[in-house]
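Asks: Here it is, the structure, as structure tokens.
Laboratory data are not the source of any read-out in this text; all were calculated from the coordinates shown. Not measured: the values here are computed from a predicted model. Cβ atoms come from the backbone with ideal geometry, glycine included; neighbour counts cover every protein chain shown.
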Amino acid sequence: MNTADARELTPPPQAEIEADVADALAEDLGSGDVTAELLPDAADIAYLLCKEDAVVCGRPWFEACHRALDPMVRIDWRVAEGQSVAKGTVLATLQGRARALVSAERASLNFMQTLSAVATVTSQYVAAVAGTGAKILDTRKTLPGLRLAQKYAVRVGGGVNHRIGLYDAVMLKENHIRAAGSIAAAIGAARAKHPALPLIVEVETLDQLREALSHGCDRILIDDFSADDRRAAVAIAHASPFDGRIPLEVSGGVDFTTLRGIAEDGVDCISIGALTKHVRAIDLSLKLGPPPAAAAG
């Protein structure tokens, strides 16, 4: 089944992908693949096998790894980016130079297994809140150097990106509010300095929530609220005069045991660091030779 139909599948700019790949290949190849040098540099074929159920993600990085070492390599995909596949599915077949195929193997698999893992877990969280209206958001808790790649994988899994970094949205948290003196003062300073940027305000109490709602922002983060306070926050935000205009986001204390209940309380967004920081790679392998006749895909 293809689960990517309604998902945002636009990858980062090609230059960003190629920079990721250049770093990965430099790290792995160093002065050269001394084992691959033992192989005859003849034309060969290979196949990419998925060894567990997954949502496929990372095709642009996989392709860039192999094309960096063999610009003439042919990669024939059997599945789409964002597609849900079963264990045993052959994702792609490759035709190229034997040395390049084996030298690019690990770097290309590292990207695919990591990004497929993010997309797979995100899709599970998205499915868990289906029908509630709540959106699943990521955080900045990403692997160093792979933020754009992992946030792309979140989108492939059906999630929504929070801010990309510290530069593309203002997020007022406890320390910023304390230094400014109040939520109202912090909001005023943010609007004056960065009027065009999204403004997110974190609140710790229902009184702070009312203050943030009254002074206006683009989203309010209710962090580590009790269940009773969370439901009260939703009621306040949806009542007159606020009328649900400012979305509420929940962060902290979220896992699969609490997720559905939080969503059913009526919050708009749930941000989950585990999407990108608790990564268990999807089991993939790249093997020389034709795929087995019995393989799926």
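Asks: List C50, C217, C65, C269 from most exposed to least, where exposure is judged by having the fewest other Cβ atoms within 10 Å.
Replies: C269, C217, C50, C65
Asks: Moving on. Which percent, nearest 5, of DSSP beta bridges in the chain are antiparallel?
Replies: 50 percent
Asks: If I model a spin label as a point 7 Å beyond the Cα along the Cα-Cβ vector, how far apart are those points for L288 and A128 in nm?
Replies: My value for the distance between the label points is 4.3 nm.
Asks: Next up: For the chain, what are the DSSP H helices with axial Cα length of 27 Å or more and mean Kyte-Doolittle hydropathy of at least -1.0?
Replies: Both cut-offs are met by 98-128.
Asks: For region 147-297, with the dipole built from +1 on Lys and Arg beta-carbon atoms and -1 on Asp and Glu ones, taken about the Cα centre, which of V156, H238, L221 lies farthest toward the positive end?
Replies: The residue sitting farthest along the positive end of the dipole is V156.
Asks: Which chymotrypsin sites (Phe, Trp or Tyr not before Pro) in region 151-226 pass both tests, a DSSP loop state and at most 10 other beta-carbon atoms within 10 Å?
Replies: Loop-located and lightly packed - Y167.
Asks: Taking Cα pairs under 8 Å and at least six residues apart, what relative contact order does the chain come out at, in percent?
Replies: 24 percent
Asks: Let me ask you something else. Loop only per DSSP, at most 10 neighbouring Cβ atoms within 10 Å: give me the trypsin sites (Lys or Arg not before Pro) in region 92-127, ordered by residue number.
Replies: none
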